[in-house]
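Engineer: Quick one: the structure is below, questions incoming.
Since every read-out is calculated from the coordinates, none of them should be taken as a lab result. These figures come from a predicted structure and were not determined experimentally. With ideal geometry, Cβ positions are generated from the backbone for all residues, glycine too; neighbour counts draw on all protein chains shown.
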Amino acid sequence: MAFVDLFFGWQRRVRRLRRKWDREREKALRKKEPLRGSVLSKLDGVENSLRVLEEQNMSRVARARIAKEIEIDLEEIAELLRLKREEAAEAFAARKQ
């Protein structure tokens, strides 16, 4: 049963989220400012949620809610990283207003 849990259990989803977070962080470290700083700060917030999933025992509903929030945040971060430098500056200017 442990073999099945390894591939189909909850920890697999958490490992996948952690791997995606690591990849996005590597991409963010290669970017220039101001994009780099803002993306890294968002990734730090996501990391805190990931730690909660990895370390605490919670109900299924709470785990699913947090995991979905993490997925949404990582998609937003990936979209930011795909922007070109000029587009990113415009996006940040629009958010500040």
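Engineer: In region 31-78, how many are in contact with a helix residue (DSSP H, G or I) (Cβ under 8 Å, 6 or more places away or on another chain) and part of a helix (DSSP H, G or I)? Write out each step before concluding.
Structural biologist: Of region 31-78, the ones in contact with a helix residue (DSSP H, G or I) (Cβ under 8 Å, 6 or more places away or on another chain) are 31-32, 34-36, 38-40, 42-43, 45-47, 49-50, 52-54, 58, 63, 66-67, 69-71, 73-74, 76-78.
Filter once more, so that each one left must be part of a helix (DSSP H, G or I): 35-36, 38-40, 42-43, 45-47, 49-50, 52-54, 63, 66-67, 69-71, 73-74, 76-78.
Final tally of qualifying residues: 26.
Engineer: State which residue pairs qualify: first residue more than 11 Å from ILE77 (Cβ to Cβ) and inside region 33-52, second residue small (Gly, Ala, Ser) and assigned to a helix (DSSP H, G or I) in any location, beta carbons under 9 Å apart, and separation of 6 or more residues or different chains.
Structural biologist: PRO34/ALA88; PRO34/ALA89; ARG36/ALA28; SER49/ALA67
Engineer: Further question on the same structure: Consider region 27-61. How many of its residues are exposed (fewer than 13 other Cβ atoms within 10 Å of the Cβ) and either more than 27 Å from GLU90 (Cβ to Cβ) or among the polar types (S, T, N, Q) (or both)?
Structural biologist: The qualifying residues number 11.
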